[in-house]
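To start, the structure under review is shown below, and the notes come after it.
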Amino acid sequence: MAEFDLIAQYFTRQAAVDLGVGDDAALVSVRPGYQLAVSADMSVSGTHFFAEAQPFAIGWKSMAVNISDMAAMGAEPKWATLSIALPEVDHPWLRQFSDGLFACADAFGVALIGGDTTRGPLNIAINILGEVPRGQALQRNGAKAGEDIWVSGCLGQAALWLQHRLGHLPLHADDIVMLATAMHHPQPRVRLGLALRGMASAALDISDGLLADLGHMLQASRVGAEMDWRALPLPRLQTPLGEEALQQAVLAGGDDYELCFTAAPQHREALLALSQQLNLPLSRIGKTTASPGLTVLNGNVPLDIAKKGYQHFG
């Protein structure tokens, strides 16, 4: 099948842009007073997903993790490009993959406006672009000492599913279904990110693990932090878990795609009201400190977490 026929069949849609799929480059217009937010993520078979994973889920997640980056910046996701390497043209796989990709894109108002296809080991690379009012983007370097640290949703679910899939953790059947949804169909927190403009001083999405990603924010902001293990939003499971396994998944497991952000204490009531408005749990898990370093306390006892998060070249 010719490359352009493949693109036309599976990845071409009408898009409200100046020029979309079919030329050497797409053309888009950014609204006056806005900045363009740009991010990119790759999803590689065997690294980010199992080769036998459902293609719909691969399509959904490959788009969702990019949209999550826009949410973390307080940007409205608008456009994306897709570059995909395929070992062969598998029509049933491509149909389901493109269905999942567009299901996620449509859910968050993203138009696919270009990309590339080639033969090779399965690799999905998406560039995403969004708009944010000039000067209002949420960045990692804005946290100040004495602020609250918050996270959205529930942490550790995808990591627990992965441990089960690798044969390290037996789980109750109902837990497997719930945790698989968290792994394969993450929900980017776009509405939260937009609402945090003007309240959050710094933000990011949790992809490699809470400790690792929060550590990046603290380093960029030149502050430290203390976290309370008992305040973290934990999965509610029917399977009894050892505390060490649970702590490792929640603090360092990754693949959560929840937002972690800092905000001054004066915003607590507004954030709790926002939680109700969005029907999304927001948990205040600690505070930033002037002293560097990140400490997690269980009561008065510091936790020693061996692995802080996922490392691609670790």
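Before moving on, here are some points about what is shown:
- Tally, over segment 72-92, of residues that are at pLDDT below 95 and in contact with a helix residue (DSSP H, G or I) (Cβ under 6 Å, 6 or more places away or on another chain): 0
- Which listed residue, of Thr81, Thr118, is open to solvent by less than 50 Å² (accessible area, probe 1.4 Å), of a type outside the set (A, V, I, L, M, F, W, C), assigned to a strand (DSSP E or B) and farther than 22 Å from Leu211 by Cα: Thr81
- Enumeration of residues in segment 121-157 that are part of a strand (DSSP E or B) and farther than 30 Å from Pro292 by Cβ: Asn123, Ile124, Ala125, Ile126, Asn127, Ile128, Leu129, Gly130, Glu131, Pro133
- Taking segment 216-243 as the range and being in a helix (DSSP H, G or I) and within 17 Å of Lys144 (Cβ to Cβ) as the test, the residues that pass are His216, Met217, Leu218, Gln219, Ala220, Ser221.
- Number of positions in segment 36-60 that are part of a helix (DSSP H, G or I) and either at positive phi or out of contact with any strand residue (DSSP E or B) (no Cβ under 7 Å at 6 or more places or on another chain) (or both): 5
- Just one residue in the set Ala103, Ala40, Ala8, Ala107 is free of Cβ contacts under 8 Å to residues at least 24 places away in the same chain, under 30 Å from Arg197 (Cβ atoms) and surrounded by fewer than 19 Cβ atoms within 10 Å (Cβ to Cβ); that residue is Ala107.
- Within segment 231-240, one or more residues are within 29 Å of Gly74 (Cβ to Cβ), aliphatic (A, V, I, L, M) and open to solvent by 30 Å² or more (accessible area, probe 1.4 Å).
- Taken together, Leu171, Leu246 contain a single residue that is open to solvent by 10 Å² or more (accessible area, probe 1.4 Å) and in a loop (DSSP other than H, G, I, E, B), which is Leu171.
The values are calculated or read from the model by the stated rules, or taken from the named source; none is laboratory data. Quick caveat, the model's predicted, so the values are computed rather than measured. Positions of Cβ are generated from backbone atoms using ideal geometry, with glycine treated the same way; all protein chains shown enter the neighbour counts. SASA here: full protein model, heavy atoms, side chains in, ligands and nucleic acids out. Shrake-Rupley method; radii C 1.70, N 1.55, O 1.52, S 1.80 Å.
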